[in-house]
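A quick write-up on the structure given underneath.
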Amino acid sequence: MDVRAIAMGLLFAFIWSSAFTSARIIVADAPPFAISAIRFAIAGLIGVAIARALGQSWHLTRAQWRATLIFGLCQNALYLGLNFKAMTTVQASLASIIASTMPLIVAFLGWAVLRERLRPMAAFGLILGFAGVIVIMSGRIEQGVDITGVLLGVIAALALAVATLMVRSASSGGNLMMIVGLQMFVGAAVLFVASLLLETWTFNWNWRMGTALIYTILAPGLLATWVWFTLVARIGAVKAATFHFLNPFFGVAVAAVVLGESLGMMDIIGVAVIAAGILAVQLSKQTGSRTPGPAR
């Protein structure tokens with residue numbers, strides 16, 4: 001892994017984690033599904049415009065169209081839409097911790113559903129990671145955390161795990177920025193319908209919410225997605241996913257600095273344990289990728 005790939009991975013992890021803080025600011029003054037639909041529509045227009053300026057085409061391969069639709073549904077509509085909804089009742093730090101368990105969920109589903117071989121280090125990482133979640137949740141439940149918000153975050157993480165499995169199809173064949181823009185429109189369409197059915201459109205426009213919305217559209221929405229696709233194309237999904245172990249740290253750190261969210265000792269211990277578990281799972285995949293064995 002070269003220096004450029006490491007820089008891209010660190011940038012992605014930081015921006016991805018900061019999105020929970022900006023989302024928390026936004027949903028304090030806007031209905032979550034409606035503002036998400038608006039966000040994705042704007043991001044989609046910008047993404048497609050940039051793609052066309054770069055000479056990219058929307059004539060994608062069949063695999064890319066399939067990945068674009070599924071990624072748009074799973075990442076944007078389900079993962080981000082449900083996380084925006086969850087953060088109307090739970091803290092940004094907790095939402096980021098739940099979302100950061102996605103690599104653990106992917107590894108677990110691979111073993112439980114797809115019957116993939118689970119290496120000893122990966123098994124240890126799973127146990128360690130989920131133990132960290134238990135440590136954090138036990139403390140939060142005692143403090144009266146909203147269970148509905150937590151469940152929405154868990155469902156969102158499951159959706160992101162499915163989206164992650166589609167990244168390889170999307171990252172091959174070029175037109176990456178076009179794919180980034182088009183999958184935004186998928187999320188916008190789904191969440192617009194959901195908002196019409198479930199929400200009352202009441203917005204409190206102010207500079208704080210507007211700044212957070214602009215940042216969310218440009219950084220986590222467009223830049224981080226493009227960086228992720230580019231990183232996967234450069235070093236592969238397995239190595240790129242290693243950077244997810246930084247998400248719990250960045251997520252709680254940004255929420256603490258920007259929003260002033262407090263962290264207890266159990267939170268700090270839990271975050272460290274989760275990060276260690278994620279790192280162990282990802283390192284086991286890298287070790288396995290160098291060793292001949294059954295297809296994974």
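Kindly list the number of the only condition in (1) over 30 Å from ARG62 (Cα atoms); (2) small (Gly, Ala, Ser); (3) touching a Phe, Trp or Tyr at 6+ places or on another chain (Cβ under 9 Å); (4) modelled with pLDDT under 80 that fails for ALA163.
(1)
Whether any residue in region 206-225 is outside any helix (DSSP H, G or I) and either of a type outside the set (Gly, Ala, Ser) or buried (at least 16 other Cβ atoms within 10 Å of the Cβ) (or both) is what I want to check. Let's see the steps before the verdict.
Within region 206-225, the subset outside any helix (DSSP H, G or I) is 206.
Narrowing further to those that are either of a type outside the set (Gly, Ala, Ser) or buried (at least 16 other Cβ atoms within 10 Å of the Cβ) (or both): 206.
Yes, that holds for at least one residue.
Return the residues of region 64-75 that are out of contact with any Lys or Arg (no Cβ under 9 Å at 6 or more places or on another chain) and touching a residue at least 60 places away in the same chain (Cβ under 8 Å); say none if nothing qualifies.
Here is the first cut: in region 64-75, the ones out of contact with any Lys or Arg (no Cβ under 9 Å at 6 or more places or on another chain) are 64-66, 68-75.
Correct list: GLN64, ARG66, THR68, LEU69, ILE70, PHE71, GLY72, LEU73, CYS74, GLN75.
Out of the residues in region 175-208 that are under 24 Å from the mean Cα position of the chain (by Cα) and of a type in the set (Phe, Trp, Tyr), state the one that is farthest from ALA28 (Cα to Cα).
Residue satisfying both the conditions and the ranking: PHE185.
Just checking, which of ILE97, ILE136 is in contact with a Pro (Cβ under 6 Å, 6 or more places away or on another chain) and either buried (at least 24 other Cβ atoms within 10 Å of the Cβ) or of a type in the set (Ser, Thr, Tyr) (or both)?
Selected residue: ILE97, the only one of ILE97, ILE136 that is in contact with a Pro (Cβ under 6 Å, 6 or more places away or on another chain) and either buried (at least 24 other Cβ atoms within 10 Å of the Cβ) or of a type in the set (Ser, Thr, Tyr) (or both).
Please determine, by comparing only the residues of region 64-118 that are in a helix (DSSP H, G or I) and polar (S, T, N, Q), which one is nearest to the chain's Cα centre (by Cα).
The residue in question is GLN75.
Can you tell me which residues in region 90-105 are in contact with a helix residue (DSSP H, G or I) (Cβ under 6 Å, 6 or more places away or on another chain) and over 14 Å from VAL154 (Cβ atoms)?
Listed by number, the residues that qualify are ALA92, SER93, PRO103.
Which of the following residues is among the small types (Gly, Ala, Ser), closer than 13 Å to MET87 by Cβ, out of contact with any strand residue (DSSP E or B) (no Cβ under 9 Å at 6 or more places or on another chain) and not in a loop (DSSP other than H, G, I, E, B): SER17, SER36?
Only one candidate qualifies: SER36.
Quick check on ARG66: is it surrounded by fewer than 19 Cβ atoms within 10 Å (Cβ to Cβ), at pLDDT 90 or above, more than 30 Å from ARG208 (Cα to Cα) and not aliphatic (A, V, I, L, M)? I'd like the intermediate steps shown before the answer.
Numbers: surrounded by fewer than 19 Cβ atoms within 10 Å (Cβ to Cβ): yes; at pLDDT 90 or above: no; more than 30 Å from ARG208 (Cα to Cα): yes; not aliphatic (A, V, I, L, M): yes.
Here the answer is no, as ARG66 does not meet what is asked.
Return the total of residues in region 62-78 being within 16 Å of ILE26 (Cβ to Cβ) and hydroxyl-bearing (Ser, Thr, Tyr). Steps first, please.
If we filter region 62-78 for residues that are within 16 Å of ILE26 (Cβ to Cβ), which is where we start, we get 76.
Still in the list and also hydroxyl-bearing (Ser, Thr, Tyr): none.
Number of matching residues: 0.
Residues checked against (1) among the aliphatic types (A, V, I, L, M); (2) crowded, with 16+ Cβ neighbours inside 10 Å:
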| site | (1), (2) |
| --- | --- |
| ALA5 | yes, yes |
| PHE12 | no, yes |
| ALA23 | yes, yes |
| PRO32 | no, yes |
| PHE40 | no, yes |
| ALA49 | yes, no |
| LEU54 | yes, no |
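On the basis of being among the small types (Gly, Ala, Ser), modelled with pLDDT of 85 or more and under 23 Å from VAL162 (Cα atoms), does ALA280 make the cut?
It is true that ALA280 is among the small types (Gly, Ala, Ser), modelled with pLDDT of 85 or more and under 23 Å from VAL162 (Cα atoms).
Can you spot a residue in region 53-60 that is closer than 26 Å to MET102 by Cα and at pLDDT 90 or above?
no
A quick yes/no check of all residues on (1) without any contact (Cβ under 8 Å) to a residue 40 or more places away in the chain; (2) over 14 Å from the mean Cα position of the chain (by Cα):
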| position | (1), (2) |
| --- | --- |
| PHE14 | no, no |
| PHE20 | no, no |
| ASP29 | no, yes |
| ILE50 | no, yes |
| GLY55 | yes, yes |
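Within region 177-188, track down each residue that is closer than 17 Å to ARG66 by Cβ and surrounded by fewer than 24 Cβ atoms within 10 Å (Cβ to Cβ).
MET178, LEU182, PHE185, VAL186
The values are calculated or read from the model by the stated rules, or taken from the named source; none is laboratory data. For clarity, every value in this text was computed on a predicted model and none was experimentally measured. FYI the Cβ positions are ideal-geometry reconstructions off the backbone, even for glycines, and counts take in every protein chain you see.
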